[in-house]
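Down below is the structure, laid out as structure tokens.
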Amino acid sequence: MADITVNLPDGSNRTLPEGSTALDLATDIGKRLAKDALIAVVDGAEVDLDATLSDGADVAIVTPDSDAGLHTLRHSTAHVLAQAVLELYPGSTFAIGPPITDGFYYDFDLPDGQTFSDEDLERIDAKMREIVRANQPFIRSELPAAEALELMSDHQYKQLIIEAVTGGDVDSELAGEAGGDTISFYRNTDDFVDMCVGPHVPATGRLQHFKLMRVAGAYWRGDEKNKMLQRIYGTAWADKKQLAAHLHRLEEAAKRDHRKLANDLDLLSFPSVLGGGLAVWHPKGALVRKQMEDYSRTRHEQGGYEFVYTPNLANGELFKTSGHLDFYADGMYPPMEMDNGTYYPKPMNCPMHCLIFGRGQRSYRELPLRLFELGTVYRYERAGTLHGLMRIRGFTQDDSHIYCTEDQLADEVASLLDFVLSVLQAFGFDEFEFKLSTRDPDKSVGSDEIWDHATDSLRAALERHGLDYSVSAGDAAFYGPKIDVDVKDAIGRSWQLSTIQADFNLPERFELEYVDADGSRKRPIMLHRALLGSIERFFGVLLEHYAGNFPTWLAPVQVAVLPVAEDHHEFGRSVMDRLAAAGVRAEFVGADGPLGKRIRNAKTQKLPYILVVGGDDVEADTVGVNPRGGEVERDVTVAEFIERIRAELNPPG
């Protein structure tokens with residue numbers, strides 16, 4: 001039998017007998033790798049370990065300690081979930097079950113209107129572990145579409161997927177279920193088979209570390225006109241330690257849930273009578289928001305931005321010009337018919353900023369022109385997607401649009417990165433991830449030259465700052481490349497916050513021009529720049545990042561003054577007045593209950609400082625300082641405390 005040679009990721013190669021599989025290669029490299037191997041990547045395509053290798057192939061073995069490995073573990077665990085449900089609930093059927101960030105889900109349709117309960121999850125978990133212990137192999141097969149439809153005759157959603165795939169009507173979720181006119185399947189036993197492009201782990205015994213999390217409703221294909229299915233979410237990891245760490249992170253996240261903290265700290269609320277996705281800000285929450293917005297305004301003023309204000313609704317003709325009615329209508333609220341036209345609540349500020357730029361003749365001497373607005377916009381988010389402040393229907397963007405020449409673009413982007421990072425650092429973030437999204441040649445406007453120049457300018461700005469970044473090829477919007485900035489919060493979660501986006505489309509649509517030095521008329525390049533993103537969402541991220549323990553400069557109440565007894569009220573109020581005169585947000589908590597209880601209540605409000613004053617303090621002009629998370633100090637003079645706290649009243653830097 002002839003030999004074949006395959007190439008490994010490190011540049012080396014291996015010679016194997018003809019007919020060898022990916023698992024044979026892993027075994028030839030080492031027993032440990034063969035034990036850990038899940039799938040392989042052959043010439044860029046993921047395959048099962050029993051796939052036969054060809055001469056000259058580039059091969060990488062995928063193990064659980066990689067993103068691809070975790071993806072495979074989660075995908076395979078979703079199949080085991082489906083197998084367990086179909087065995088436990090006769091007459092049930094299944095729809096789709098993809099891997100997702102940190103886990104997986106599967107959608108089910110139960111007979112007679114049944115729904116899953118928490119007890120059902122325990123029962124399903126036990127059945128899944130039984131399947132795992134059986135170490136059932138995942139066996140791949142392929143069938144023509146007609147035979148695939150017959151095989152799935154008891155499962156209407158699978159048949160709909162087959163019809164969609166073979167008819168070319170495939171969305172991103174369904175694309176992972178099958179492919180082309182030939183449909184691939186994976187069978188675990190004689191009784192369970194699921195359609196899927198794969199690949200999967202060799203056998204169910206590799207799927208030890210998972211947990212079912214919750215049940216939710218989900219419309220078939222995400223369309224509220226379709227039937228509501230039962231969705232079971234789970235998480236799966238490479239080992240017990242990773243699973244435990246993830247569950248701990250979830251516990252921490254639950255404690256930090258901004259909706260709960262906002263209620264506990266009396267910051268804001270979502271009255272049902274107001275409607276979904278709309279918040280009202282209570283005085284304390286509004287005070288924090290004011291600090292955020294005031295800081296943003298100050299930094300923009302210092303950064304050479306010009307402030308503008310635009311209305312909350314506009315004639316539909318504006319959104320026809322901008323193109324929003326062509327490509328964003330589903331995200332807009334319905335029109336309002338008025339006597340002089342059709343009006344819409346604005347989903348974006350950028351069209352109105354273009355109107356400001358286009359007012360009168362512009363000279364190259366005016367560029368770059370940086371417009372800034374804290375502008376409230378309204379977007380129709382489906383009810384099932386709303387999530388506190390993180391997904392909301394009415395919100396305020398710290399929106400900037402910069403109009404510049406091609407020659408100014410590189411320096412402007414570099415300056416923007418400095419600006420963005422310094423502001424985010426002032427709010428307490430110090431871990432960042434950067435992503436550069438580049439052109440999809442089939443879905444873009446603008447010349448090759450301007451795309452190349454803009455992309456190179458964004459890339460150069462990242463590299464000038466020495467920043468590591470990933471590239472999402474073809475992921476840019478049709479109108480220009482962009483940089484996304486993610487931050488990591490206190491428990492390691494990533495939040496996409498800031499964006500710097502080049503735009504060649506709107507200047508063209510609005511026919512924006514400036515007069516260059518040689519008298520010619522040219523189009524400016526437009527940069528969209530969201531820094532905090534939306535004030536509401538950023539507030540929610542901050543609230544969870546700090547678990548409600550805002551730094552002193554942001555805290556709605558910075559100091560509470562507690563007299564030990566009524567005899568100390570007068571002195572306590574004088575301390576509060578002196579704090580207020582120094583610019584400190586202080587409140588007085590009178591001696592109408594036990595001191596210990598009042599201190600505990602103040603601590604539940606997560607105040608930076610609690611000051612206790614008693615008889616000795618009245619005589620010595622001192623206070624007892626109880627700092628959040630620190631040791632209690634006695635006999636601190638009022639003047640000394642005021643001097644200390646002054647340093648914390650302004651943002652860092």
(message) Whole-Hz ³J(HN,Hα) for each residue in the stretch 419-430, computed from phi via Karplus 6.51 cos²θ - 1.76 cosθ + 1.60 with θ = phi - 60°, x for glycine and proline: what do you get?
(response) 4, 4, 5, 5, 5, 4, 5, 5, 8, x, 9, 9
(request) Could you order peptides 336-342, 255-261 by the average number of other Cβ atoms within 10 Å of their residues, highest first? (result) 255-261, 336-342
(message) What do you get for the angle between helix 448-464 and the principal long axis of the chain? Use alpha-carbon atoms, 0 to 90 degrees, nearest ten.
(response) 60
(request) Could you work out the relative contact order of the stretch 295-354, using alpha carbon pairs under 8 angstrom and six or more residues apart, expressed as a whole percent? (result) 36
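Less than 11 Å Cβ to Cβ from V557, Lys/Arg counted +1 and Asp/Glu -1: what total charge do the surrounding residues give?
+1
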(request) Only helical DSSP H runs with n ≥ 4 go in: add -39500 (n - 2.57) per run for the chain, normalise by residue count and round the 222 nm mean residue ellipticity to 500 deg cm²/dmol. (result) -10500 deg cm²/dmol
(request) Any chance you could give the angle, 0 to 90 degrees and rounded to 10, that helix 156-166 forms with the longest Cα principal axis of the chain? (result) 80
(request) For an R0 of 25 angstrom, estimate the FRET efficiency from the Cβ-Cβ distance between T52 and T189 and round to the nearest 0.05. (result) 0.50
(request) Return one number: the angle in degrees, 0 to 90 and rounded to the nearest 10, between the long axis of the Cα atoms of helix 595-604 and the longest principal axis of the Cα atoms of the chain. (result) 50
(request) Take the alpha carbon atoms of the stretch 178-255, find their center, do the same for the stretch 284-339, and report the distance between the two centers in whole angstrom. (result) 39
(request) Could you give the C-alpha radius of gyration of the chain expressed as a fraction of 2.2 N^0.38 Å, taking N as the number of residues it contains? (result) 1.16
(message) Can you give me the C-alpha center-to-center distance between the stretch 600-653 and the stretch 66-135, rounded to a whole angstrom?
(response) 54
(message) With a cut-off of 8 Å between alpha carbons and a minimum separation of six or more residues, what is the relative contact order of the stretch 516-653 in percent?
(response) 22
(request) Can you tell me the relative contact order of the chain? Whole percent, Cα pairs under 8 Å, sequence separation 6 or more. (result) 9
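Considering only protein heavy atoms and a probe of 1.4 Å, how much of the accessible area of the chain is carbon and sulfur, as a whole percent?
For the chain, the apolar C and S fraction of the accessible surface comes to 47 percent.
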(message) Could you compute the net charge surrounding P144? Neighbours are other residues with a C-beta less than 11 Å from the C-beta of P144; K and R count +1, D and E count -1.
(response) -4
(request) Would you please put 292-298, 584-590 in order of how densely packed they are, using the mean number of other Cβ atoms within 10 angstrom per residue and starting with the highest? (result) 584-590, 292-298
(message) Please report the net charge: other residues with Cβ closer than 15 Å to the Cβ of Y514, K and R +1, D and E -1.
(response) -2
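The values are calculated or read from the model by the stated rules, or taken from the named source; none is laboratory data. Quick caveat: nothing in here was measured; it's all calculated off a predicted structure. Note: ideal-geometry Cβ built from the backbone for every residue, glycine included; neighbour counts use all protein chains shown. The area values use the complete protein model at the heavy-atom level, side chains included, leaving out ligands, DNA and RNA. Shrake-Rupley method; radii C 1.70, N 1.55, O 1.52, S 1.80 Å.
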